[in-house]
Amino acid sequence: MKAKRADTLPSVSEVGPLPKRGGILTVVVLGVIGIGVGGWVLFGGAPGGPSTETTEPTGPVVGAAAPSFTARLLDGGTFSLDAHLSDDGRPVLLNFWASWCTPCVAEMPSLDAAAAANPEVLVLGVAADDTEAGASSFADEIGVGYPLGIDTTGIIAADYHVFGLPATYAIGSDGRIAEIAYGELDEAELEALIASATG
């Protein structure tokens, strides 16, 4: 059937009034729509209205101070970012990983090589969203030369807003975040991160 153009459609006077349907249901639906539109305007949906949108960053950003933390190391010691920066002073390459994370496992030899080639930077791995048994067993098996710790409470990962693993933060000797990278990194990408922390 061929569609009719709007100017050739019959007028209301030609077809008569539309049948009445809906009654109370129509009133309720229109009321709900009205409330929704009113709320949309009131809470910032219309230009010039109040807005609940925040301009604050949702987590650590490049140039901001790295969140302070203390992590228990899997060899029995502890690592404090503040103490390290004041006593040792080397930049830190902070890598969040987990024993069940395939890209994390694949990345660790590259991290180990980067740590050995760049002693002017401390590479630190912190297991997140992992069991202590799983992380310790994996650390013994992989045998990397850089220190590995665990975030037993989840607070460190939360402070750094880690939303996926692996996640790597280059922290300068001034305690500020120089670069952030998500996902598995190769040696060239790790060297670029180290350069950003030492530059």
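The values are calculated or read from the model by the stated rules, or taken from the named source; none is laboratory data. These numbers were taken from a predicted model, which means no experiment stands behind them. Cβ: placed from backbone, ideal geometry, glycine included. Neighbour counts: every protein chain shown.
Data table
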{"read-out": "One residue from Val144, Val162, Val126 being assigned to a loop (DSSP other than H, G, I, E, B), without any contact (Cβ under 8 Å) to a residue 60 or more places away in the chain and among the β-branched types (Val, Ile, Thr)", "value": "Val144"}
{"read-out": "Failed item in (1) free of Cβ contacts under 8 Å to residues at least 60 places away in the same chain; (2) within 24 Å of the chain's Cα centre (by Cα), with Phe138 passing the rest", "value": "(2)"}
{"read-out": "Where Ile156 falls short, out of the listed (1) within 14 Å of the chain's Cα centre (by Cα); (2) outside any strand (DSSP E or B); (3) over 22 Å from Asp88 (Cβ atoms)", "value": "(3)"}
{"read-out": "Members of region 52-89 that are in a loop (DSSP other than H, G, I, E, B), touching a Gly at 6+ places or on another chain (Cβ under 7 Å) and modelled with pLDDT of 95 or more", "value": "Ala66, Leu74"}
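Per-residue answers, yes or no, for (1) modelled with pLDDT under 95; (2) within 17 Å of Arg72 (Cβ to Cβ); (3) out of contact with any Ser or Thr (no Cβ under 8 Å at 6 or more places or on another chain); (4) of a type outside the set (Gly, Ala, Ser):
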position	(1), (2), (3), (4)
Phe96	no, yes, no, yes
Cys104	no, no, yes, yes
Ser110	no, no, yes, no
Phe138	yes, yes, no, yes
Tyr169	no, no, yes, yes
Ile177	no, no, yes, yes
Gly183	no, no, yes, no
Leu193	no, no, no, yes
